[in-house]
1. I'm trying to understand the selection: among the residues of the range 52-63, which are more than 19 Å from R19 (Cβ to Cβ) and either of a type in the set (D, E, K, R) or modelled with pLDDT of 95 or more (or both)?
2. Look through the range 1-16, keep the residues that are more than 18 Å from the chain's Cα centre (by Cα) and touching a residue at least 60 places away in the same chain (Cβ under 8 Å), and return whichever of them is nearest to R70 (Cα to Cα).
3. Would it be correct to say that D85 is within 30 Å of F121 (Cα to Cα), among the acidic types (D, E) and either at pLDDT below 95 or surrounded by 12 or more Cβ atoms within 10 Å (Cβ to Cβ) (or both)?
4. Within the range 88-102, how many residues turn out to be surrounded by fewer than 11 Cβ atoms within 10 Å (Cβ to Cβ) and either modelled with pLDDT of 80 or more or in a helix (DSSP H, G or I) (or both)?
5. Would you pick out the residues in the range 22-70 that are polar (S, T, N, Q), within 12 Å of K8 (Cα to Cα) and over 14 Å from the mean Cα position of the chain (by Cα)?
6. Quick check, is R19 under 23 Å from P77 (Cβ atoms), within 17 Å of the chain's Cα centre (by Cα) and surrounded by fewer than 20 Cβ atoms within 10 Å (Cβ to Cβ)?
7. Could you tell me which numbered condition D24 fails, if it satisfies all but one of (1) within 30 Å of E113 (Cα to Cα); (2) of a type in the set (D, E); (3) surrounded by 13 or more Cβ atoms within 10 Å (Cβ to Cβ)?
8. Name the pairs whose Cβ atoms lie under 7 Å apart, with the first residue in the range 45-59 and crowded, with 16+ Cβ neighbours inside 10 Å and assigned to a loop (DSSP other than H, G, I, E, B), the second at pLDDT 95 or above and of a type in the set (A, V, I, L, M, F, W, C), and 6 or more positions between them or separate chains?
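The values are calculated or read from the model by the stated rules, or taken from the named source; none is laboratory data. These numbers were taken from a predicted model, which means no experiment stands behind them. Cβ placement follows ideal geometry from the backbone for every residue including glycine, while neighbour counts extend to all protein chains displayed.
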Amino acid sequence: MLEVRIDKFLWEIRQFKTRTLASDACRNGKVKVNHQLAKSSRNVVVGDVVEIRKGAVLYELLVLQLPNGRVSAKLLPQYVEDRTDPMQLEMLQVARSTTVYRPKGTGRPTKKERRDLESYFDGEF
């Protein structure tokens, strides 16, 4: 049976930008395999359920197939099935909607812009 280390697997399926970040997440207890905390050296096989905590969201993935290398985003459904609870994804959308975006290159907000932002979030607007 083919096996792959969990840190390498998470990097290959694009859950983390680097393998170091994936192993750090394992070390900090943010990755579970079959409901058990996973060290970065833990092997993953087909059929395992991988849980990843990123911020407030808990992602749950079912391993369908093990990749030979880093996979393009289009091919991800061949390798993992996303079983993340819709409520978790809704929390992510709420967190994104409360963030204030400024166009690139505009610099720091002026004092007036900062006051407007603060009053908006305090409910005065």
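1. Matches in the range 52-63: E60, L62.
2. So, considering only residues that are more than 18 Å from the chain's Cα centre (by Cα) and touching a residue at least 60 places away in the same chain (Cβ under 8 Å), the one nearest to R70 (Cα to Cα) is V4.
3. For D85, the condition - within 30 Å of F121 (Cα to Cα), among the acidic types (D, E) and either at pLDDT below 95 or surrounded by 12 or more Cβ atoms within 10 Å (Cβ to Cβ) (or both) - is met.
4. 4
5. Within the range 22-70, S40, S41, N43, N68 qualify.
6. Details: under 23 Å from P77 (Cβ atoms): yes; within 17 Å of the chain's Cα centre (by Cα): yes; surrounded by fewer than 20 Cβ atoms within 10 Å (Cβ to Cβ): yes.
Yes.
7. Only one criterion in (1) within 30 Å of E113 (Cα to Cα); (2) of a type in the set (D, E); (3) surrounded by 13 or more Cβ atoms within 10 Å (Cβ to Cβ) is unmet by D24, namely (1).
8. The qualifying pairs are D48/V33; D48/V63.
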